[in-house]
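This report refers to the structure that appears directly beneath it.
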Amino acid sequence: MKQRKFDRKQCIFSVYQSNSDGNGSGGVILNLSEDGANVLVNTENASVDNDFHISIYPSPGFKQTEFIEINAHKVWEEDSGIDKYKKVGCRFKSISKDQKKKLKKLID
């Protein structure tokens, strides 16, 4: 099994996709690292394309309070066992220094 480059932090943050229909959350992040995340996607409000754009909204009480806009690539997808939701593993693409700084702040 391939080792991860960065440790993952378990968390729950709201996620919105730019291609969602605007009627609610695209899902929640289940765990997060500097280079990717596992996301529980609400397939009624967001699509599960190979490449997508997400906005991460940190929960209150975290050092990082600003939302993070980031491009991602789907690495894997599986049924979640919850109606209308899929689990998606994604890797972040083309991360800027500012995005990396915000992600580190959120993970620490």
*Test residue 98 against the criterion of being in a loop (DSSP other than H, G, I, E, B) and either loosely packed, with under 13 Cβ neighbours inside 10 Å or modelled with pLDDT of 70 or more (or both), and give yes or no.*
no
*Among the residues of region 9-45, how many are modelled with pLDDT under 75 and part of a loop (DSSP other than H, G, I, E, B)?*
8
*If you take the residues of region 72-94 that are under 14 Å from the mean Cα position of the chain (by Cα) and small (Gly, Ala, Ser), which of them is nearest to residue 52 (Cα to Cα)?*
72
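The values are calculated or read from the model by the stated rules, or taken from the named source; none is laboratory data. Fair warning: this is a prediction, and the values are worked out from it, not measured in the lab. Reconstructed Cβ throughout: ideal geometry from the backbone, glycine too, with neighbour counts over all protein chains shown.
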